[in-house]
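J.: First, the structure itself, so that you have it in front of you.
The values are calculated or read from the model by the stated rules, or taken from the named source; none is laboratory data. Fair warning: this is a prediction, and the values are worked out from it, not measured in the lab. A quick note on method: Cβ atoms are made from the backbone with ideal geometry, for glycine too, and the neighbour counts reach across all protein chains shown. Each accessible area value is taken on the protein alone, full model and side chains, heavy atoms only, with ligands, DNA and RNA left out. Shrake-Rupley method; radii C 1.70, N 1.55, O 1.52, S 1.80 Å.
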Amino acid sequence: MTLIFWKSGKNLGDFLKELKGIDSTRGCLSITQRFIDASVSLNAEPFEELCKAMKTYCIPLLKLDNDVTAYFDRSSTRALSTEQRRARIEHICAALGSNVSLCKFSMPLMRFEFKLAGILLRSLRQVDKLELREDGFPTNSDLARLRDLLERHPLISEVELAIRTRNYRTVLPVLSTFPLLSKIKFHHIYNDMPRVAVAPEDGQAVGELIAGKRTLRDVSFNYLIFGDGASCHFVCDGLRNSRISSMEMNFCEINDQMLATALTNLPLRTINVDNMGVLYLWSTTLSESQARYDVEMVRVTRVPMDERFVNIILQLTHCPNLKKLVLETRQYSDGIDIALAECVDRCPKLATIYIGFPNTLPGFPNMFSCPLPALFKSIMSNYTIQVNFGASHQPQNGTVADSIELLQMVSSLNQAGRIYLAEDPNNQRKGFAVLGEVKDNLNSLFFHLRENPLLCRRGSALEAITGQKRQAAAAAVDERPATRARST
């Protein structure tokens, strides 16, 4: 994501060009204290030009930085009074508020950014996504004002919360009134404060929101402590009675058995849980008689790899609609090859296998120590699947390195259109199109020539090119408007 910002001394024309292209770069307009200083100091004509641009160009993400209001009441430009400065800021907020293309508003809860954030949030015509970041200590009156502001935007569909868990009981009841809320992320606050267990009252607020919001489909928890007490019961009960289809949980402390039981009967399409115990208990419910047709993506992570890791992959063969499998561990060992080959053979819609590694610590390289002959054999007869490896992997020996290289070659060919070998193996035009896609990788190029020697036949390239030209000429004739016959 490109971060678009502006400060004094930066040419306004250059900034407007960046602002114009912010949608194509999926950029973020960052409103900082320097931005405010620079914009309110403009003369009347360029200031109007700036406001017009903010009304016109699509802004995918508007981020209000923490330092914005530090100088809100202080005029850094002597030519402007405090009233004039405030009026210009409100003018900027109104310009942004009229931009109906605004998708996400990132807002800090400092004590307290509502001097500007309140003006801006009130001015915004529509907000689809909202991020709340608590970096200070908002009071009860501040939270009450937050409730009032949120009630002005009931059409918010996605919310990301990085606030103190003790404030859940205040904020979440407001979110439960949003008719379109479909996705919510809970984070530990973004600072160095130690994590504390979620209180029962706040766990109850989380559970009631998840269970009561029938439009909610995507829930994510990160770095939170639920333990195995009342908070865990409330959250797991909420999940059990919810309609979510995507579950993500990273670095959380929660009772494995209770969470796995809660997830068992949910129509989950995506399971992204870094807790091996939860995944293992959940996977044991899979069987031939109870196939899970809803599961499309699963992430399995464990450091180090153990027997449960392999068993989970084997159980995923009972998910016939599985499309993506993500694996993450520091060291891969024997057993993974057969398990992955079984998945490829029994999950016909499996399109991507990602073999990744957690962040490497000094002295602990990510070693890949097992060759994958069974997986390679399965992929050779599968013309669509791709196997990707994390960038930091280190093959333990030459045999393993060769195995990984073969998998990567076939994956690149599958991406280039190797499926024609199953559909129309004599179609030389498609064969040369695949060669053109992998021409920068000599190993892949010669590998494909070896599996389709017809492409090496003399004159085959000329025939393919001639066929392409004939098709292009026929298409041009079909598109040519019919000429009116001359009268004799």
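J.: (1) at pLDDT 90 or above; (2) buried (at least 18 other Cβ atoms within 10 Å of the Cβ): which one isn't true of ILE404, the others all being true?
T.: (1)
J.: State all residues of region 197-241 that are closer than 23 Å to ARG269 by Cα and among the small types (Gly, Ala, Ser); if no residue qualifies, say none.
T.: Selection gives GLY207, ALA211, GLY212, SER220, GLY238.
J.: Write out, first by first residue and then by second, each pair whose Cβ atoms fall under 7 Å of each other, whose residues are 6+ apart or on separate chains, and whose first residue, in region 41-55, is more than 13 Å from PHE15 (Cα to Cα) while the second is at pLDDT below 80.
T.: So the pair list comes out as SER41/SER8; SER41/THR77; LYS55/ALA95; LYS55/SER98; LYS55/ASN99.
J.: Within region 307-326, track down each residue that is in contact with a strand residue (DSSP E or B) (Cβ under 8 Å, 6 or more places away or on another chain), modelled with pLDDT of 90 or more and either of a type in the set (Ser, Thr, Tyr) or surrounded by 20 or more Cβ atoms within 10 Å (Cβ to Cβ) (or both).
T.: ILE312, ILE313, LEU316, HIS318, CYS319, LEU322, LEU325
J.: Is there any pair with a first residue in region 402-425 that is among the basic types (Lys, Arg) and a second that is open to solvent by 30 Å² or more (accessible area, probe 1.4 Å) whose Cβ atoms are under 7 Å apart and which are 6 or more apart or on different chains, and what are they?
T.: Note: pairs meeting the criteria are ARG418/TYR383.
J.: Determine, yes or no, whether VAL171 is modelled with pLDDT under 95 and farther than 21 Å from ILE244 by Cβ.
T.: When the stated conditions are applied, VAL171 does not pass them.
J.: If you check every pair at least six apart or on different chains, which have Cβ atoms under 6 Å apart with a residue in region 11-27 that is under 14 Å from THR56 (Cα atoms) and open to solvent by 80 Å² or more (accessible area, probe 1.4 Å) first and a residue that is modelled with pLDDT of 75 or more and of a type outside the set (Asp, Glu) second?
T.: Within 6 Å, the pairs are LYS20/TYR57.
J.: When only residues in region 444-470 that are among the polar types (S, T, N, Q) and surrounded by 13 or more Cβ atoms within 10 Å (Cβ to Cβ) count, which is modelled with the lowest pLDDT?
T.: The first filter runs over region 444-470 and keeps only residues among the polar types (S, T, N, Q), leaving 444, 452, 460, 466, 468.
Those still in the list that are surrounded by 13 or more Cβ atoms within 10 Å (Cβ to Cβ) too: 444, 452, 460, 468.
Details: SER444: 87, ASN452: 85, SER460: 55, GLN468: 50.
Ranking the candidates gives GLN468 first.
J.: Hey, could you check region 419-441 for residues that are outside any helix (DSSP H, G or I) and closer than 16 Å to GLN386 by Cβ and say which is modelled with the highest pLDDT?
T.: Taking the candidates together, the pick is ILE419.
J.: How about region 330-342: which of its residues are surrounded by fewer than 21 Cβ atoms within 10 Å (Cβ to Cβ) and of a type outside the set (A, V, I, L, M)?
T.: ARG330, GLN331, SER333, ASP334, GLY335, GLU342
J.: Further question on the same structure: If we keep just the residues of region 231-248 that are assigned to a strand (DSSP E or B) and of a type outside the set (A, V, I, L, M, F, W, C), which is farthest from SER220 (Cα to Cα)?
T.: Going through the qualifying residues, I end up with SER246.
Conditions tested, residue by residue: (1) at pLDDT 90 or above; (2) outside any loop (DSSP other than H, G, I, E, B); (3) under 26 Å from the mean Cα position of the chain (by Cα).
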| position | (1), (2), (3) |
| --- | --- |
| MET305 | no, no, yes |
| ASP334 | no, no, no |
| CYS343 | yes, yes, yes |
| LYS349 | yes, no, yes |
| LYS377 | yes, yes, no |
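J.: Let me ask something else about it. What number of residues within region 169-190 are out of contact with any strand residue (DSSP E or B) (no Cβ under 8 Å at 6 or more places or on another chain), assigned to a helix (DSSP H, G or I) and not polar (S, T, N, Q)?
T.: So the count comes out to 4.
J.: Can you report the number of residues in region 256-297 which are crowded, with 16+ Cβ neighbours inside 10 Å, more than 18 Å from GLY227 (Cα to Cα) and not polar (S, T, N, Q)?
T.: Number satisfying all stated conditions: 11.
J.: How many residues, within region 264-291, are touching a His at 6+ places or on another chain (Cβ under 8 Å) and closer than 21 Å to ARG243 by Cα?
T.: Residues in region 264-291 being touching a His at 6+ places or on another chain (Cβ under 8 Å) and closer than 21 Å to ARG243 by Cα: 3 in total.
J.: Within region 190-231, take every residue that is at pLDDT below 90 and of a type in the set (Asp, Glu) and give me the one that is farthest from ASN275 (Cα to Cα).
T.: ASP192
J.: Pull up region 354-371, narrow it to residues that are within 29 Å of the chain's Cα centre (by Cα) and either among the charged types (D, E, K, R) or modelled with pLDDT of 65 or more (or both), then point me to the one that is farthest from LEU314 (Cα to Cα).
T.: Of everything passing the filter in region 354-371, PRO358 is farthest from LEU314 (Cα to Cα).
J.: Would you confirm whether any residue within region 284-297 is modelled with pLDDT of 90 or more and within 18 Å of ILE355 (Cβ to Cβ)?
T.: yes
J.: Let me ask you something else. Might you check whether a residue that is β-branched (Val, Ile, Thr) and either open to solvent by 10 Å² or more (accessible area, probe 1.4 Å) or within 24 Å of PRO173 (Cα to Cα) (or both) occurs anywhere in region 240-250?
T.: yes
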